[in-house]
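Everything on this sheet refers to the single structure shown next.
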């Protein structure tokens, strides 16, 4: 009896080992595929360089993300992983997560950083930059309205909205600390820039693109974006006092001419019969 009992135990162990050898690799493969799907479900692409491997039911995360918050978020997604199927959807197959993801913006998927360039030139106003939300763009435009002079033309809003952009470091302060440019005349040019970190830097029109790039270093703004943002200001011609006077005179003359055209024609007066050179009646019309 004892001999049969021992043989039974050995047989059970053998079957269990065979089951483990067959089931475990299959489970690891299913878990890895499910983990990839889980991370890819985030359409922002922030986890594009995160890798997941399983040792049994223990997940091991590697790769790179931009922020510590994203690293923690990736772990939470894997901790809540479920396998597809009517029976496994209610089970949590992940026994633990080893999070070796590096917080490394240089090697993580590219994500734009917020930045702003405000330019005033000849009564024109232009706002360029990148923000993560349209609501922030509207907030900024409302915040700077009282700090700008009356424009010749409406504010040219060129701020792009990027869903994958990183959040601003100090957004509330960036809005409240917008420089007061109300004293800027229509004959002047000025540039104000911010990396959305609560600070603004102001420059004259003579500032180089390198100066602007240095002020926006934290946002890593491409040179092409700076060139595009300043193109209108660079091409604007600052008129001399004589040219401004001539421009004003031409405008006044044009307005007067337009006003004269709108006046009704004067009625023709009846001058009576025509007289000849000797005082007699003039020639009768034929």
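Throughout, read-outs are computed from the coordinates displayed, never taken from laboratory work. Please read these numbers as outputs of a predicted model, since none were measured by experiment. Here Cβ is always computed from backbone atoms with ideal geometry, including for glycine, and neighbour counts include all displayed protein chains.
Counting neighbouring Cβ atoms within 10 Å and putting the fewest first, the residues 65, 52, 37, 94 line up as 37, 94, 52, 65. DSSP assigns beta bridges within segment 24-103; of those with both partners inside it, close to 50 percent run antiparallel.
Considering only alpha-carbon pairs that sit under 8 angstrom and 6 or more positions apart, the relative contact order computed for segment 115-235 is 29 percent. Pairwise Cα distances in segment 77-190 exceed 17 Å for 67 percent of all pairs. A full extension of the chain between residue 44 and residue 242 corresponds to an added length of 65.8 nm, given 0.36 nm per residue minus the alpha carbon distance.
Between residue 249 and residue 162, the FRET efficiency from the beta-carbon distance, with R0 = 51 Å, is close to 0.60. A simple packing score, the average count of other Cβ atoms within 10 Å per residue, orders the peptides 128-134, 144-150, 117-123 as 117-123, 128-134, 144-150, with the highest score first. Projected onto planes of every orientation and averaged, the convex hull of the alpha-carbon atoms in segment 24-103 covers 4.9 nm².
Across segment 29-56, the residues whose backbone nitrogen lies under 16 Å from the label position 7 Å along the beta-carbon direction of residue 104 are 47-52. Taking a label point 7 Å from the Cα of residue 73 along the Cα→Cβ vector, which residues of segment 160-174 have an amide N closer than 14 Å to it? Flagged as within label range: 163-168.
Based on C-alpha pairs under 8 angstrom that are at least 6 apart in sequence, segment 24-103 has a relative contact order of 33 percent.
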